[in-house]
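Shown next, in structure tokens, is the structure this report addresses.
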Amino acid sequence: MGVRIERKDKNRMRSNLEQLLRAQQELDKNIALFQEESPVEEYKSFLKELRASNSENMHTVSRFMVRKCNR
């Protein structure tokens, strides 16, 4: 079992993590847009990898938020 985190700290952590998730979601939209617009396959492939990495980061943040912030 982990260390007990006070409610006010959990709320602050959750707020910060929600802000990070919004930024990552915005980044995902931009990457998708750039990917759609590009005629260069190598660039599109790179953006696909970048998007997959960003998706994994969003999942990591979400899982942490669920475990530590009760959300």
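What follows draws every value from the coordinates through simple rules; no lab data is involved. Quick caveat: nothing in here was measured; it's all calculated off a predicted structure. Positions of Cβ are generated from backbone atoms using ideal geometry, with glycine treated the same way; all protein chains shown enter the neighbour counts.
In this entry, the range 7-69 is assigned a mean projected area of 3.9 nm², taken as a quarter of its C-alpha convex hull surface.
Loop-located GluC sites (Glu not before Pro) in the chain (DSSP state other than H, G, I, E, B) with a sparse environment of at most 13 neighbouring Cβ atoms within 10 Å: E6.
Angle of helix 7-37 to the longest C-alpha principal axis of the chain, folded into 0 to 90 degrees and rounded to 10: 10°.
Listed by chain and number, the lysines placed with their C-alpha closer than 24 angstrom to that of K10 are K68; residues fewer than eight positions away on the same chain are left out. Dipole orientation for the chain: of the candidates A52, Q35, S15, S15 has the Cα lying most toward the positive pole (charges on Cβ; Lys, Arg +1; Asp, Glu -1). Enter the angle in degrees (range 0 to 90, nearest 10) between the Cα long axis of helix 41-69 and the first principal axis of the Cα atoms of the chain, meaning the one along which they spread out most. Once rounded, the angle reads 10 degrees.
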